[in-house]
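Single-structure report; data block below.
The values are calculated or read from the model by the stated rules, or taken from the named source; none is laboratory data. Keep in mind that what you see is a predicted model, and the values were worked out from it rather than measured. Using ideal geometry, Cβ is built from the backbone for each residue, glycine included, and neighbour counts are taken over all protein chains shown. Each accessible area value is taken on the protein alone, full model and side chains, heavy atoms only, with ligands, DNA and RNA left out. Shrake-Rupley method; radii C 1.70, N 1.55, O 1.52, S 1.80 Å.
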Amino acid sequence: MIKVKNEQIQEEIDNPIMKKANKKIFLNILGAILIMLYFVLTYLAYTFLQANVFERCLQTATMVLLAITIVTFEIAYKKDSGLLAINGIEALIIACHALAIPYVTTVHKWDLRWYVTISGYVFAIYFVFKSIVIYTSGKKKYLDSFSDISEIVKKDEPRKKVAIKHNKAKGEE
């Protein structure tokens, strides 16, 4: 029983549909790690740097994130890729988050460390949910690849009958 299950798992991993889904999940997790690294660095910079140096670092990080967003959107537009566009939107949200940090901490009187920690948790949950959705859609495509019903029930265009006028002899009427 275990051997059969291992063979099924190996067959699933070797399938090109699941390989593509696993590659998307890996890139998604890599993006999540980079974003978590940004949150950790922001937390540490706030803790160990002076206020004016931290503000300058935060401004630089915001500009870099905005540049990454613009480049991602341009590449997504050029390749006409919806997946890259979604990644660009994620980068834009991170850039807006970095831009809003001074405002949120001063107006709402929140501690920056709590704000960054909570934001990190929210983004982590988002990326886990996104990975689950990618895996589920890949698994559905993989399972649909076994079914040949779509080929059997293929909707063919109905053939149009051409009206043919029969020539009748005048005397036969």
Expected sort for 73-82, 59-68 on mean C-beta neighbours within 10 Å, highest first, is 59-68, 73-82
With a 1.4 angstrom probe the carbon and sulfur portion of accessible area for segment 10-97, in percent, totals 71
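Measure up 79/139; 20/160; 141/161 against 32 Å on the Cα-Cα distance and list the ones that go over.
Working: 79/139 26 Å; 20/160 41 Å; 141/161 38 Å.
The answer is 20/160; 141/161.
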Probe 1.4 Å, heavy atoms of protein chains only: per residue, the accessible area of segment 18-145 in Å² is 67
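At a Förster distance of 35 Å, what's the computed FRET efficiency of residue 83 paired with residue 165, Cβ-Cβ distance as r, to 0.05? Before the final figure, lay out each step's value.
Values: r = 56 Å, r/R0 = 1.59.
The pair residue 83/residue 165 has a calculated efficiency of 0.05.
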Taking 120-127, 96-103, 49-56 and ranking on average Cβ neighbours within 10 Å, highest first, one gets 96-103, 120-127, 49-56
Whole-Hz Karplus couplings 3J(HN,Hα) for segment 76-92, θ = phi - 60° and coefficients 6.51, -1.76, 1.60, Gly and Pro as x, run 4, 5, 5, 8, 6, 10, x, 5, 5, 5, 5, 5, x, 5, 4, 5, 5
